[in-house]
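Asker: Can you keep this structure in mind? I'll have questions shortly.
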Amino acid sequence: MLATLRDDFTAEKMVLAVALELSNGSWKMGLSDGRRAKPTVITVSDEQPHARLMAAVKVIQEILVKWLLPTDTKVIVMYEAGQDGFWICRALNAMGYTGLVIDAASVPVGRQARRAKTDRLDAIMLVNCLRGWLRGEQDRLRILHIPAELAEAERQLLRDRGVLQKEIGQHHDRMRKLLRTVGCWDEIDRDFARRLEAGEVRCYDGSMLPAELLARLLRECERLALVEEQFKALTKTQVSQLSKAV
């Protein structure tokens, strides 16, 4: 699909390339129609996400008019994958623009190695890379597949389940290490919390656990129980979704 996308852009077809350098405080927009010597860089800094997106769209519309670009000009807007995910791309596509999300590691310039690192330079570099990609220079960028919203939601469930599973292991490991400090090698099993409260978990010499250590272990047990409940709920949700898919 991506190769076809590039092939659709011929010398006769005007394309406005837009690169977004995203940051929390503002977005730098690099814009190039391929005719001007240097890209134009404009900043939008509205505080609310929807307002900032619409401010960026307004900049694009104003540039189309200001530069006297044809009414059938294709607008391609690109940004690097990161914490903002794919919502910007989806919103732009819904408005009739072509949104692209790229793998940041595919940008040919060593981002961290540059001596002059500014969002303005990044926006210029990205829009130049986009124009190169549109000319057919395939090594310029690696375009990412935009997952369907349902698929992305399912992926979030899978990732969250993985995080919870890791947390369960961390709680077990932390309690095991705490017990080792007093010579206790008891297993952290399903009955551990009950045995702990009943005073059945003892030091190496059979004496009671120190009060502070006991209190900390009980708090760990409470947190572990919560994580395990969430893990079970997510597992049940995934099984239910798989059943519906079949």
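The values are calculated or read from the model by the stated rules, or taken from the named source; none is laboratory data. Keep in mind that this is a model prediction, so the values were computed, not measured. Cβ: placed from backbone, ideal geometry, glycine included. Neighbour counts: every protein chain shown. Please note that ligands, DNA and RNA were not included when accessible areas were found on the heavy atoms of the full protein model with its side chains. Shrake-Rupley method; radii C 1.70, N 1.55, O 1.52, S 1.80 Å.
Asker: Just to be sure, is K177 free of Cβ contacts under 8 Å to residues at least 12 places away in the same chain and farther than 22 Å from T235 by Cα?
Answerer: Yes: the conditions hold for K177.
Asker: Do any strands (runs of 3 or more DSSP E) lying entirely in region 26-113 carry at least 1 residues that are of a type in the set (G, A, S), and which ones are they?
Answerer: So the answer is 27-32, 98-102.
Asker: Out of all the residues in region 182-204, which are open to solvent by 100 Å² or more (accessible area, probe 1.4 Å) and more than 14 Å from E220 (Cβ to Cβ)?
Answerer: W185, E187, R190, R194, Y204, listed by residue number.
Asker: Moving on to the next point. Please verify whether region 132-139 includes one or more residues that are assigned to a helix (DSSP H, G or I) and closer than 21 Å to N93 by Cβ.
Answerer: yes
Asker: Going by the conditions given, is G132 small (G, A, S), more than 30 Å from L31 (Cβ to Cβ) and either modelled with pLDDT under 85 or open to solvent by less than 100 Å² (accessible area, probe 1.4 Å) (or both)? Before the answer, list the steps.
Answerer: Details: small (G, A, S): yes; more than 30 Å from L31 (Cβ to Cβ): no; either modelled with pLDDT under 85 or open to solvent by less than 100 Å² (accessible area, probe 1.4 Å) (or both): yes.
Here the answer is no, as G132 does not meet what is asked.
Asker: Just to check your reading of the model, which residue among A153, A215 is small (G, A, S), at pLDDT 90 or above and either outside any helix (DSSP H, G or I) or loosely packed, with under 15 Cβ neighbours inside 10 Å (or both)?
Answerer: Of the residues listed, the single one that is small (G, A, S), at pLDDT 90 or above and either outside any helix (DSSP H, G or I) or loosely packed, with under 15 Cβ neighbours inside 10 Å (or both) is A215.
Asker: For region 159-181, what are the residues that are closer than 30 Å to D205 by Cβ and either open to solvent by less than 80 Å² (accessible area, probe 1.4 Å) or β-branched (V, I, T) (or both)? Explain how you work it out, then say what you get.
Answerer: Here is the first cut: in region 159-181, the ones closer than 30 Å to D205 by Cβ are 169-181.
Those that are closer than 30 Å to D205 by Cβ and either open to solvent by less than 80 Å² (accessible area, probe 1.4 Å) or β-branched (V, I, T) (or both): G169, H171, H172, D173, M175, L178, L179, T181.
Asker: Further question: Can you pull out the residues in region 123-165 that are touching an Asp or Glu at 6+ places or on another chain (Cβ under 7 Å) and touching a residue at least 60 places away in the same chain (Cβ under 8 Å)? Spell out how you get there, then give the answer.
Answerer: Within region 123-165, the subset touching an Asp or Glu at 6+ places or on another chain (Cβ under 7 Å) is 123, 126, 142, 144.
Those that are touching an Asp or Glu at 6+ places or on another chain (Cβ under 7 Å) and touching a residue at least 60 places away in the same chain (Cβ under 8 Å): A123, L126, L144.
Conditions tested, residue by residue: (1) open to solvent by 10 Å² or more (accessible area, probe 1.4 Å); (2) at pLDDT 95 or above; (3) β-branched (V, I, T).
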site	(1), (2), (3)
L2	yes, no, no
D8	yes, no, no
V18	no, yes, yes
A37	yes, no, no
I42	yes, yes, yes
A51	yes, yes, no
Q61	yes, yes, no
F86	yes, no, no
A91	yes, yes, no
